[in-house]
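Quick notes on the structure that follows.
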Amino acid sequence: GRKWTEVGSLSPEMREQVVLIRGRVQTIRPVGKKIAFVVVRERGFTVQCVLTVKHELVSAQMVKFATSLSKESILDVEGVVTVPEKPITGATQQQVEIQISKLYCVNKAVPTLPINIEDASRSEVEIEQALEKGEQLVRVNQDTRLNYRILDIRTPANQGIFRIQCQVENIFRQFLLSEGFIGIHTPKLIGGSSEGGSAVFKLDYKGQPACLAQSPQLHKQMAICGDFGRVFEIGPVFRAEDSFTHRHLCEFTGLDVEMEIKEHYSEVMDIVDRLFVAMFDSLNEKCKKELDAIGRQYPFEPLKYLRKTLRLTFQEGVQMLKEAGIEVDPFGDLNTESERKLGQLVAEKYGTEFYILHKYPLAVRPFYTMPCYDNPAYSNSFDVFIRGEEIISGAQRVHVPEFLAKRAEECGIVVKTISTYIDSFRYGAPPHGGFGVGLERAVMLFCALNNIRKTSLFPRDPQRIAP
Ligand code: 4AD
């Protein structure tokens with residue numbers, strides 16, 4: 001096989017080397033009949049390639065052929081790397097050019113595209129500037145992007161987003177493996193709701209009522225009853241959401257953890273703390289190019305976080321809000337607006353945009369949540385926030401079967417539908433707890449993006465099941 005070079009790895013040190021690349025046509029600009037500039041893009045990186053009849057291997061016919069190629073067609077280009085005198089300004093463009101000696105079209109794209117990748121890659125500021133200058137360009141709206149997602153994800157920012165997502169998953173797995181956790185897979189077809197509430201997709205399971213799992217909650221706890229000690233799962237989660245918002249999907253990826261607790265539920269928060277500090281460190285260190293590409297289209301400030309994650313109790317949060325003139329019910333849940341406000345207050349006071357709020361009122365948590373020993377109006381539970389929005393919820397669980405059944409009943413759950421779950425605790429169950437992270441939400445908020453659809457490859461929301 002021949003040696004291939006990635007567009008993203010081209011650099012001025014390769015000057016005078018012959019390279020072979022494969023990419024897509026981003027633009028073709030002919031200059032007379034003897035020269036054509038072909039910008040080739042691969043994985044969000046571009047390089048300008050020059051076809052000139054002065055080159056012994058290039059004919060006028062080749063220039064004509066190149067000029068006829070449609071945008072997004074797949075090309076193989078071979079040529080010598082040169083370094084232009086004037087620095088190249090294009091955002092993700094490599095600082096070199098390729099003087100083409102061979103050019104092959106591997107596969108053509110149709111002549112008109114529903115999305116122009118260059119237009120779809122511009123920041124809001126760039127769009128404004130271009131429109132002021134009277135340039136012709138189309139603002140690509142969200143629905144168009146999602147309808148033609150396979151084109152949309154070719155933009156540099158989107159290429160970055162999904163590499164960040166992969167890294168988040170990777171660190172999650174690596175970190176937990178190094179802490180003695182075992183990765184598991186729980187069923188996604190289950191007999192009933194696992195979180196309570198009605199947000200389930202119901203289906204017919206060979207004549208029996210069933211649904212798509214709302215979370216791995218029940219089975220990850222059962223894995224603890226099965227003596228795995230510490231488990232994690234990366235898998236799909238289904239929610240029949242009614243809310244069409246910037247942060248709700250009907251299918252998302254859950255990063256779930258469940259573990260034995262020896263003495264105190266803070267052991268679970270310790271894992272959150274160390275896992276996420278390691279994750280943010282790693283993203284900032286290993287994903288500079290990706291974060292850069294995202295920031296160029298959607299400018300954002302790097303996340304502020306502390307070496308040791310701040311923990312506030314729910315009551316302390318309520319007090320901070322009260323001091324800022326916002327009254328919230330001390331036994332209710334925070335709404336989106338007060339969560340955001342609290343996020344701001346915390347950032348101002350403690351200099352962090354990542355923190356844990358714990359000891360929530362029991363009434364607003366699911367039936368399996370352990371009440372506080374000293375004050376059962378509250379619970380051994382927590383939520384974790386990035387930039388004032390929830391990315392995690394977690395808790396210690398009830399491990400005493402009689403009490404668990406009682407709590408389920410009190411919360412309006414038909415105990416019969418979860419009897420195998422409750423029975424699991426009758427054969428010796430250790431104290432335990434865990435948490436669930438929404439992958440798309442975590443990436444969205446780490447990068448300060450404004451919509452969860454941007455961090456889901458093919459998002460499913462209340463109005464979309466295609467592509
Ligand atoms: O808060 P949730 O519903 O908690 C659970 O599922 C528990 N079983 C977790 C646990 O171990 N105690 O969901 C956990 C996380 C949320 O913090 C949020 O990040 C994400 O999942 N999430 C969603 N993400 C996208 N779309 C939705 N509709 C989501 N619902 C929750």
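The values are calculated or read from the model by the stated rules, or taken from the named source; none is laboratory data. Bear in mind the structure is a predicted one, so any value in this text is a computation, not a measurement. Note: ideal-geometry Cβ built from the backbone for every residue, glycine included; neighbour counts use all protein chains shown.
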Hits in region 362-372 (condition: within 18 Å of Arg311 (Cβ to Cβ) and surrounded by fewer than 21 Cβ atoms within 10 Å (Cβ to Cβ)): Cys372
Answer residue from region 202-246, given it is acidic (Asp, Glu) and modelled with pLDDT under 95 and is nearest to the chain's Cα centre (by Cα) among those: Glu241
Looking only at region 206-260, and only at residues there that are near the ligand (Cβ under 8 Å from one of its atoms), within 20 Å of Phe276 (Cα to Cα) and among the acidic types (Asp, Glu), the one that is surrounded by the fewest Cβ atoms within 10 Å (Cβ to Cβ): Asp256
Test set (1) in a helix (DSSP H, G or I); (2) within 15 Å of the ligand (Cβ to nearest atom); (3) of a type outside the set (Phe, Trp, Tyr) - Ile422 fails condition number: (2)
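For Arg154, are the conditions met, namely being in contact with a helix residue (DSSP H, G or I) (Cβ under 7 Å, 6 or more places away or on another chain), outside any helix (DSSP H, G or I), of a type in the set (D, E, K, R) and surrounded by 15 or more Cβ atoms within 10 Å (Cβ to Cβ)?
Yes, satisfied.
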Qualifying residue in region 197-217 (condition: of a type outside the set (Gly, Ala, Ser) and in contact with a helix residue (DSSP H, G or I) (Cβ under 8 Å, 6 or more places away or on another chain)): no
Residues (in a loop (DSSP other than H, G, I, E, B) and exposed (fewer than 14 other Cβ atoms within 10 Å of the Cβ)) located in region 183-203: His185, Pro187, Ser198
Selection from region 318-374 of residues that are touching a residue at least 40 places away in the same chain (Cβ under 8 Å) and of a type in the set (Lys, Arg): Arg340, Lys341, Lys359
Residue within region 435-452 that is over 30 Å from Ile153 (Cα atoms) and either aromatic (Phe, Trp, Tyr) or within 14 Å of the ligand (Cβ to nearest atom) (or both) present: yes
Conditions (1) closer than 17 Å to Ser393 by Cα; (2) within 22 Å of the chain's Cα centre (by Cα); (3) surrounded by fewer than 18 Cβ atoms within 10 Å (Cβ to Cβ); number of the one not met by Asn284: (1)
Single condition Ile117 does not satisfy, out of (1) loosely packed, with under 11 Cβ neighbours inside 10 Å; (2) closer than 25 Å to Ser456 by Cα; (3) aliphatic (A, V, I, L, M): (1)
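Residues are listed down the side, and each one gets a yes or a no for (1) among the hydrophobic types (A, V, I, L, M, F, W, C); (2) under 28 Å from the mean Cα position of the chain (by Cα); (3) within 15 Å of the ligand (Cβ to nearest atom):
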| position | (1), (2), (3) |
| --- | --- |
| Ala324 | yes, no, no |
| Asp329 | no, no, no |
| Gly332 | no, no, no |
| Gln344 | no, yes, no |
| Tyr350 | no, yes, no |
| Tyr355 | no, yes, yes |
| Tyr360 | no, yes, yes |
| Ala363 | yes, no, no |
Test set (1) surrounded by 22 or more Cβ atoms within 10 Å (Cβ to Cβ); (2) closer than 23 Å to Leu249 by Cβ - Glu390 fails condition number: (1)
Any hit, region 163-180, residues being at pLDDT 95 or above, of a type in the set (Gly, Ala, Ser) and within 19 Å of the chain's Cα centre (by Cα): no
Exclusive hit being within 34 Å of the chain's Cα centre (by Cα), on the phi > 0 side of the Ramachandran plot and touching a residue at least 12 places away in the same chain (Cβ under 8 Å), set Gly44, Gly23: Gly44
Failed condition for Val7, given (1) under 18 Å from Asn116 (Cβ atoms); (2) under 29 Å from the mean Cα position of the chain (by Cα): (1)
Region 183-201: number of residues that are of a type in the set (A, V, I, L, M, F, W, C) and modelled with pLDDT under 95: 3
